[in-house]
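The values are calculated or read from the model by the stated rules, or taken from the named source; none is laboratory data. This one's a predicted model, so the numbers in the text were calculated from it and none came from an experiment. Cβ placement follows ideal geometry from the backbone for every residue including glycine, while neighbour counts extend to all protein chains displayed.
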Amino acid sequence: MSLTRRLFLTTTAGSAAVLTLAACGGSSDSGDEVADVDPSSFEKGSTMAKLADAGKITIGTKFDQPLFGQAGPDGDPVGFDVEIGKMVAAALGIKPDGIEWTETVTANREPFIENGQVDIVVATYTINDERKKVVDFAGPYYVAGQALMVKKGDDAIGGPDDLKDTNVCSVEGSTPAQNIEDNYPDAKLVTFDTYSKCVTALNNGQADSVTTDNVILAGFVKADEDKLQMVDKGKTFTKEPYGIGLKKDDDDFRAFINDTLQKAYDDGSWAKAWESTAGQVLPTPEPPTIDKY
């Protein structure tokens, strides 16, 4: 039995509004290069044919994560995940104005896919075997790693081994939260439905640290460099391959998305999307090898 003491905390809507990374990661041009697609070129009845014929797609992403998916001034999200979603839409002949963006938090990504509320999810979504029991993944399109963030000037936590008897905040149902629960049981895990609420908890003393993927934390630090810092220069202690979630056993659609990603790797549009969003803070990595399982 886990020794973790899990705390479920609440905040007001106002206190959760902690970040604005002004247009850091405004939109690139990657999603504007829309293919001239004949819907009949896809197999009749396939997901691709249905979406291309409708000229619309619903994409789930996060709305509170700088660099990857953050709601912009007009309400539409911007960031690297958003650009990846636009690439998939463009390959179906769907223009940006044909995309319906739906906010997905960590806990509702699988249910939204299963019940058809979204067609795909691109939301810092780590591929793992447990999730693959209920949804499929294309990709990965990026590999992140779990790290820690603390208040500026706080050197008490130098890494995950220093989390004993401290309040560490993450998102309920996330792989970073599960890792803390499984491998650092002496930490006191504080959970919310979004990471922005963890940042609020850190700033008001309810949490001693926040843990999630390094790229997500880098966005929060960039948004508030006077108050926040990464632990050990953002050193990671896991690997988190980000994939595009879709309905289970839709093999043709998964293959189509994988082919779309590979083309983006080869023609430079993946790197262009990175450099216009997360690349404003982080160096451009090599694209990962796609797992065509």
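Structure above, values below:
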{"read-out": "Test: residue in region 89-106 that is closer than 20 Å to Phe220 by Cβ and modelled with pLDDT of 95 or more", "value": "yes"}
{"read-out": "In region 235-247, residue farthest from Asn108 (Cα to Cα) [restricted to those that are buried (at least 16 other Cβ atoms within 10 Å of the Cβ) and not hydroxyl-bearing (Ser, Thr, Tyr)]", "value": "Phe237"}
{"read-out": "Residue within region 238-252 that is assigned by TED's automatic domain parsing to the domain that holds Val37 and part of a helix (DSSP H, G or I) present", "value": "yes"}
{"read-out": "Matching entry among Gly158, Gly116 (being in the same structural domain as Asp250 (by TED's automatic domain parsing), small (Gly, Ala, Ser) and in a loop (DSSP other than H, G, I, E, B))", "value": "Gly116"}
{"read-out": "Considering residues of region 57-69 that are in contact with a strand residue (DSSP E or B) (Cβ under 7 Å, 6 or more places away or on another chain) and modelled with pLDDT of 95 or more only, the residue surrounded by the most Cβ atoms within 10 Å (Cβ to Cβ)", "value": "Gly69"}
{"read-out": "Residue tally, condition at pLDDT 95 or above and surrounded by fewer than 19 Cβ atoms within 10 Å (Cβ to Cβ), over region 251-285", "value": "13"}
{"read-out": "Selected residue (criterion: farthest from Lys152 (Cα to Cα)) from residues of region 210-237 that are touching a strand residue (DSSP E or B) at 6+ places or on another chain (Cβ under 7 Å) and in a loop (DSSP other than H, G, I, E, B)", "value": "Phe237"}
{"read-out": "Some residue of region 222-237 being small (Gly, Ala, Ser), within 16 Å of the chain's Cα centre (by Cα) and not assigned by TED's automatic domain parsing to the domain that holds Thr104", "value": "no"}
{"read-out": "Which numbered condition Ser174 misses (of (1) at pLDDT below 95; (2) within 22 Å of Ile57 (Cα to Cα); (3) of a type in the set (Ser, Thr, Tyr))", "value": "(2)"}
{"read-out": "Check on Asp291, modelled with pLDDT of 95 or more, surrounded by fewer than 17 Cβ atoms within 10 Å (Cβ to Cβ) and touching a Gly at 6+ places or on another chain (Cβ under 8 Å)", "value": "yes"}
{"read-out": "Per-region count, region 161-171, residues more than 12 Å from Asp208 (Cα to Cα) and buried (at least 17 other Cβ atoms within 10 Å of the Cβ)", "value": "1"}
{"read-out": "Which numbered condition Lys188 misses (of (1) free of Cβ contacts under 8 Å to residues at least 24 places away in the same chain; (2) in contact with a Lys or Arg (Cβ under 6 Å, 6 or more places away or on another chain))", "value": "(1)"}
